[in-house]
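The values are calculated or read from the model by the stated rules, or taken from the named source; none is laboratory data. Since we're looking at a predicted model, the values are computed, not measured. Positions of Cβ are backbone-derived with ideal geometry, glycine not excepted, and every protein chain shown enters the neighbour counts.
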Amino acid sequence: CSQEPPDDCGGLDGYRDLVKTLSDPAHEEYAAMHEWAGSDFTPERFEIELVNRELERLARRRRVR
């Protein structure tokens with residue numbers, strides 16, 4: 001499952017619209033957005049601890065340089 005936004009989703013506002021659309025199967029753009037984002041895109045599975053560990057790792061790499 002993917003938690004990352006699809007490429008070129010339109011920044012923060014576009015991502016919010018995408019998540020809103022995909023949360024409503026009755027939405028007129030649901031099918032198109034579901035196909036575009038892929039069936040493995042699952043934003044509800046966001047894991048903040050995982051993201052924080054990755055950010056810390058990246059920050060350590062920058063400090064080493």
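Here are a few things to note about the model shown:
- Qualifying positions in region 18-32 - among the charged types (D, E, K, R) and within 18 Å of D8 (Cα to Cα): K20, E29
- Filtering H27, H34 for residues that are out of contact with any Leu (no Cβ under 9 Å at 6 or more places or on another chain) and either surrounded by 11 or more Cβ atoms within 10 Å (Cβ to Cβ) or modelled with pLDDT of 90 or more (or both) leaves a single hit, H27.
- Members of region 33-48 that are under 14 Å from G14 (Cβ atoms) and small (G, A, S): A37
- Among the residues of region 11-42, those that are among the acidic types (D, E) and in a helix (DSSP H, G or I) comprise D13, D17, E35.
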